[in-house]
Amino acid sequence: RAPVFSRIAAGLIDLLVIAFASSPFAAIIELTNGNWADERVLASMAGILVIIMFLYLTTSTALAGRTWGMSLVSLRAVDVDTGLPPTTKQSVTRAVAYMISLATLGFGILYALFDAEGRAAHDHLSGTAVVRE
């Protein structure tokens with residue numbers, strides 16, 4: 001099992017990676033005299049963030065079994081039944097459930113603090129677990 005605080009550190013690193021990947025789009029909006037008070041501009045940037053986050057989480061988990069943040073703290077996502085890297089379906093489910101957990105102020109992530117196995121809501125929903133390498 002992966003320690004919860006290592007998972008939190010990995011998640012924060014991943015959020016920085018996503019922010020960095022999204023920054024060119026924010027710069028384009030700013031350089032084209034984007035009005036950040038306009039709801040359409042904010043909705044566009046939120047949509048860009050959601051797409052980048054989904055693609056980053058899904059592809060990195062499906063291809064490598066871990067994100068960059070997980071790699072830096074020596075963690076890996078595995079199928080809870082087989083111990084193998086997650087399938088594409090599990091990676092998609094995991095990414096969507098993780099994003100919903102973040103949108104609900106992290107309640108799905110904080111669930112790991114109270115779970116006997118230390119698994120978060122997105123782990124349970126996707127049939128995965130995070131282990132230390």
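Rundown of residues vs (1) among the polar types (S, T, N, Q); (2) in a helix (DSSP H, G or I); (3) modelled with pLDDT under 95; (4) farther than 12 Å from residue 1 by Cα, yes/no style:
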| position | (1), (2), (3), (4) |
| --- | --- |
| 81 | no, no, no, yes |
| 86 | no, no, no, yes |
| 97 | no, yes, no, yes |
| 100 | no, yes, no, yes |
| 108 | no, yes, yes, yes |
| 111 | no, yes, yes, yes |
| 122 | no, yes, no, yes |
| 125 | no, yes, no, yes |
| 130 | no, no, no, no |
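The conditions are (1) open to solvent by 30 Å² or more (accessible area, probe 1.4 Å); (2) part of a helix (DSSP H, G or I); (3) within 16 Å of residue 7 (Cα to Cα); (4) in contact (Cβ under 8 Å) with a residue 40 or more places away in the chain, and residue 70 fails exactly one of them. Which is it?
Answer for residue 70: the failing condition is (1).
Within the range 118-130, does at least one residue satisfy the condition of being of a type outside the set (S, T, N, Q), on the phi < 0 side of the Ramachandran plot and surrounded by fewer than 16 Cβ atoms within 10 Å (Cβ to Cβ)?
No: the range 118-130 contains no residue that is of a type outside the set (S, T, N, Q), on the phi < 0 side of the Ramachandran plot and surrounded by fewer than 16 Cβ atoms within 10 Å (Cβ to Cβ).
Considering each residue of the range 76-104, count those that are within 14 Å of residue 8 (Cβ to Cβ) and either open to solvent by 20 Å² or more (accessible area, probe 1.4 Å) or aromatic (Phe, Trp, Tyr) (or both), and give that number.
2
Scan the range 33-55 and tell me whether some residue there is surrounded by 11 or more Cβ atoms within 10 Å (Cβ to Cβ), over 15 Å from residue 102 (Cα atoms) and touching a residue at least 60 places away in the same chain (Cβ under 8 Å).
The answer is no, given that none of the residues of the range 33-55 is surrounded by 11 or more Cβ atoms within 10 Å (Cβ to Cβ), over 15 Å from residue 102 (Cα atoms) and touching a residue at least 60 places away in the same chain (Cβ under 8 Å).
Would a scan of the range 33-41 turn up a residue that is over 15 Å from the mean Cα position of the chain (by Cα) and of a type in the set (Asp, Glu)?
yes
Please pick out the residue among 77, 116 that is touching a Lys or Arg at 6+ places or on another chain (Cβ under 7 Å) and closer than 16 Å to residue 4 by Cβ.
Values: 116 fails: touching a Lys or Arg at 6+ places or on another chain (Cβ under 7 Å).
None of the other options fit; the residue is 77.
Can you find, within the range 16-32, the residue that is least open to solvent (accessible area, probe 1.4 Å) among those that are among the hydroxyl-bearing types (Ser, Thr, Tyr) and in a helix (DSSP H, G or I)? Don't jump to the end; show me each part of the working.
In the first step, residues of the range 16-32 are kept if they are among the hydroxyl-bearing types (Ser, Thr, Tyr); the result is 22-23, 32.
Applying the additional criterion that residues be in a helix (DSSP H, G or I) yields 22-23.
Numbers: 22: 3, 23: 54 Å².
Checking each candidate, the answer is 22.
Does residue 13 satisfy the condition of being in contact with a Gly (Cβ under 9 Å, 6 or more places away or on another chain), assigned to a helix (DSSP H, G or I) and modelled with pLDDT of 95 or more? Give the derivation first.
On the way: in contact with a Gly (Cβ under 9 Å, 6 or more places away or on another chain): yes; assigned to a helix (DSSP H, G or I): yes; modelled with pLDDT of 95 or more: yes.
Here the answer is yes, as residue 13 does meet what is asked.
Is it the case, given these coordinates, that residue 63 is open to solvent by 30 Å² or more (accessible area, probe 1.4 Å), free of Cβ contacts under 8 Å to residues at least 12 places away in the same chain, over 24 Å from residue 6 (Cβ atoms) and not acidic (Asp, Glu)?
Criteria not met by residue 63.
Among the residues of the range 101-108, is there at least one that is in contact with a strand residue (DSSP E or B) (Cβ under 8 Å, 6 or more places away or on another chain) and closer than 24 Å to residue 46 by Cα?
No - not one qualifying residue is present in the range 101-108.
The values are calculated or read from the model by the stated rules, or taken from the named source; none is laboratory data. The structure presented is a predicted model; accordingly, all values stated were derived computationally and were not measured. Reconstructed Cβ throughout: ideal geometry from the backbone, glycine too, with neighbour counts over all protein chains shown. The accessibility values were calculated without ligands, DNA or RNA, using every heavy atom of the protein model including side chains. Shrake-Rupley method; radii C 1.70, N 1.55, O 1.52, S 1.80 Å.
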